[in-house]
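Chemist: Would you mind keeping the following structure in view while I ask a few things?
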Amino acid sequence: MNPQVILVTGANKGIGYGIVRSLLTSAASHSIIYLTSRDVSRGQKAITELSTIGGRSSNLVYHQLDITDEQSIDTLVNKIRNAHGRLDVLINNASIAGTDNELMVDVNYYGTLMVCKKFLPIIEKEHGRIVTIGSAIGHLAAFENEEIRNQLGNPELTIEGLSALMDKYKADCKAGKASENGWPMAYAVTKAGQTALSGILARKYPSLLINVCCPGWVNTEMGASMGGKPPKTIDEGAIIPVRLAVSDLGGISGGFWENPSVMDIGSGSISVW
Ligand code: NDP
């Protein structure tokens, strides 16, 4: 049996690191797990830590990957194509928060889009999966502007239409009109962009399982930056993403998965986006 090849973006720390650590015990024993990071030294430090845990660390492979850098993505696509012939599971975990709204769109939305577009040609055609770590903060209900909300939730939305919406948000930010025009905070806009993207890809590639989830409120650098003490550990934050990556989903694709509360440590269920 061919080994299952799984790739996690932004896995040097936080939830991505938790996902890799959990996959080392929950993925099939022959799986090969690519831990990737934009910064090589931070990624290698993570690999060193995980290799002392024992168990199945020999299945762990490190590779640099900056989701905003086309050359970095191409290099890894080629490496995986040459080494394994395909990728079975792509886990889009990398994202940023902060105060630079336009950068957030470029990393969270456009970076995730570029990774998906470049890896899709090598994703296993019959059983391949894409899991994106979105957020409940990006629920459609966060959008006061009905027109934007309807466009995002439109089942006929295309990648071009979604990118045009993200560009409109950037233009509104530049013009200082984002909140006047009914956009929520930037992070929510980009997370909604990721969720809409996941839905579009699920419709476009019906043989794959393409899902997005909210991991809950997790104690990471980003989670703590939201104010207060996040209640969940990175292992708890990894529960839903790992389920979507390797468990039997009964064929469900195009879903937004979450727990009833961001504090809950359940394994998630399909929710209204
Ligand atoms: P962290 O900030 O702890 O980790 C983010 C990871 O993304 C880091 O490894 C970071 O690398 C990486 N990253 C950032 N930019 C890039 C890039 N251009 N290319 C590759 N990697 C990049 O965040 P979390 O672990 O908390 O978040 C993980 C995911 O979960 C994100 O998608 C986040 O939006 C989502 N999420 C988190 C929640 C929480 O409560 N923590 C709640 C809901 C969703 P580096 O170390 O180099 O900066």
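Chemist: Count neighbours as other Cβ atoms within 10 Å of each site's Cβ, and list the GluC sites (Glu not before Pro) in region 179-264 that are DSSP loop with at most 10 such neighbours.
Modeler: Here the sparse-neighbourhood loop sites are 180.
Chemist: Using modelled backbone amide H atoms (1.01 Å from N, in-plane), which distant-in-sequence or interchain residues come within less than 5 Å of residue 5's amide H?
Modeler: 32, 88, 89
Chemist: Long-range amide H contacts for residue 96: which residues qualify at under 5 Å (H placed 1.01 Å from N, peptide plane, sequence gap of 5 or more or a different chain)?
Modeler: 108
Chemist: Separate question: Through the Karplus equation 6.51 cos²θ - 1.76 cosθ + 1.60, θ set to phi - 60°, convert the phi angles of region 189-205 into ³J(HN,Hα) values in whole Hz; use x for Gly and Pro.
Modeler: Residue by residue, region 189-205 yields 4, 6, 6, 5, x, 5, 5, 4, 4, 4, x, 4, 5, 4, 6, 6, 10 Hz.
Chemist: With Cβ to Cβ distances under 13 Å as the rule, what net charge do the other residues near residue 179 carry (K, R +1; D, E -1)?
Modeler: -2
Chemist: Label region 107-210 by shape, choosing from rounded, prolate and oblate, from the square roots a ≥ b ≥ c of the eigenvalues of the Cα gyration tensor; if a/c is under 1.5 it is rounded, and otherwise prolate applies when a/b is larger than b/c, oblate when it is not.
Modeler: In terms of gyration-tensor shape, prolate.
Chemist: Among 130, 33, 252, which one shows the highest mean-square fluctuation when the chain is modelled as a Gaussian network with alpha-carbon springs under 10 Å?
Modeler: Comparing 130, 33, 252 in a Gaussian network model of the chain, the most mobile one is 252.
Chemist: Sum up the charges of everything whose Cβ sits under 13 Å from the Cβ of residue 219, counting Lys and Arg as +1 and Asp and Glu as -1, but leave residue 219 out.
Modeler: Spelling it out: positives minus negatives among the neighbours equals 0.
Chemist: Can you tell me which of 132, 52, 25 moves the most in a GNM of the chain? Springs connect C-alpha atoms under 10 Å apart.
Modeler: 52
Chemist: Using the C-alpha gyration tensor of the chain, what are the square roots of 5 times its eigenvalues, in whole angstrom, with the largest one first? Kindly include the intermediate steps, with their values, before the conclusion.
Modeler: On the way: eigenvalues 162, 80, 68 Å².
Semi-axes from the Cα gyration tensor: 28, 20, 18 Å.
Chemist: Could you tell me how many degrees, from 0 to 90 and to the nearest 10, lie between the Cα long axis of helix 14-26 and the main elongation axis, the longest principal axis, of the Cα atoms of the chain?
Modeler: The angle comes out at about 40 degrees.
Chemist: Using 0.36 nm per residue of separation minus the Cα-Cα distance, give me the extension gain between residue 74 and residue 269 in nm, one decimal.
Modeler: Details: separation 195, 0.36 × 195 = 70.20 nm, distance 3.39 nm.
Length gained between residue 74 and residue 269: 66.8 nm.
Chemist: Report ³J(HN,Hα) in whole Hz for each residue of region 64-75, in order, from the Karplus equation J = 6.51 cos²θ - 1.76 cosθ + 1.60 where θ = phi - 60°; Gly and Pro get x.
Modeler: Going residue by residue, I get 5, 7, 9, 6, 9, 10, 4, 5, 4, 5, 4, 4 Hz, with x marking Gly and Pro.
Chemist: Kindly state, to the nearest 0.05, the FRET efficiency for residue 81 paired with residue 146, given R0 = 30 Å and r defined as their beta-carbon distance.
Modeler: 0.10
Chemist: Could I ask something else about it? Starting from the amide H of residue 216, placed 1.01 Å from N in the peptide plane, find each other amide H under 5 Å away whose residue is 5 or more places distant or on another chain.
Modeler: Counting only residues 5 or more places away or on other chains, the set is 136.
Chemist: Based on the alpha-carbon gyration tensor of region 228-273 and its eigenvalue square roots a ≥ b ≥ c, which shape applies: rounded if a/c is under 1.5, prolate if not and a/b is larger than b/c, or oblate?
Modeler: Cα axes put region 228-273 in the oblate bin.
Chemist: For region 1-122, what does the alpha-carbon gyration tensor say about shape, rounded, prolate or oblate, given a ≥ b ≥ c as the root eigenvalues, a/c under 1.5 as rounded, and a/b over b/c as prolate?
Modeler: oblate
Only the coordinates and a few stated rules stand behind these numbers; no lab work does. These figures come from a predicted structure and were not determined experimentally. Cβ: placed from backbone, ideal geometry, glycine included. Neighbour counts: every protein chain shown.
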